[in-house]
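The values are calculated or read from the model by the stated rules, or taken from the named source; none is laboratory data. All of these numbers come straight from a predicted model, not from anything done at the bench. Note that we place each Cβ from the backbone using ideal geometry, even for glycine, and neighbour counts take in every protein chain shown. Heavy atoms of the whole protein, side chains included, go into the accessibility calculation; ligands, DNA and RNA do not. Shrake-Rupley method; radii C 1.70, N 1.55, O 1.52, S 1.80 Å.
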Amino acid sequence: MPQLSSDALLGLFATDILRAGLTHLASAITALFTAIGVRRFIIMGGFALAVEPPYASLLTEEIERLGCVGLTDAAGSRAA
């Protein structure tokens with residue numbers, strides 16, 4: 001197994017923590033979509049804006065992992 005630098009290990013740790021926290025948000029989004037059909041969500045706040053690309057990607061992955069399908073925009077790209 002290759003040795004990882006301390007920065008790489010810290011990045012993996014931060015991603016794991018972020019993914020664990022996003023599980024709850026993804027569950028709520030899935031519940032709203034399933035219950036009343038809300039299709040577009042706006043995620044805002046300083047943290048979400050600061051880490052936007054990985055945050056949005058990880059959130060979308062978690063929503064898909066939970067089995068929520070149909071959250072796409074008109075162009076067919078993934079949306080969260």
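Details
- From the options Ala28, Ala14, Ala35, Ala74, residue that is at pLDDT below 85 and assigned to a helix (DSSP H, G or I): Ala14
- Phe41 passes every criterion in (1) closer than 20 Å to Asp16 by Cα; (2) in contact (Cβ under 8 Å) with a residue 12 or more places away in the chain apart from (1).
- Yes/no for Thr34 being of a type in the set (Val, Ile, Thr), touching a residue at least 24 places away in the same chain (Cβ under 8 Å) and open to solvent by 90 Å² or more (accessible area, probe 1.4 Å): yes
- Going through (1) modelled with pLDDT of 90 or more; (2) exposed (fewer than 13 other Cβ atoms within 10 Å of the Cβ) one by one, Gly45 falls short only on (1).
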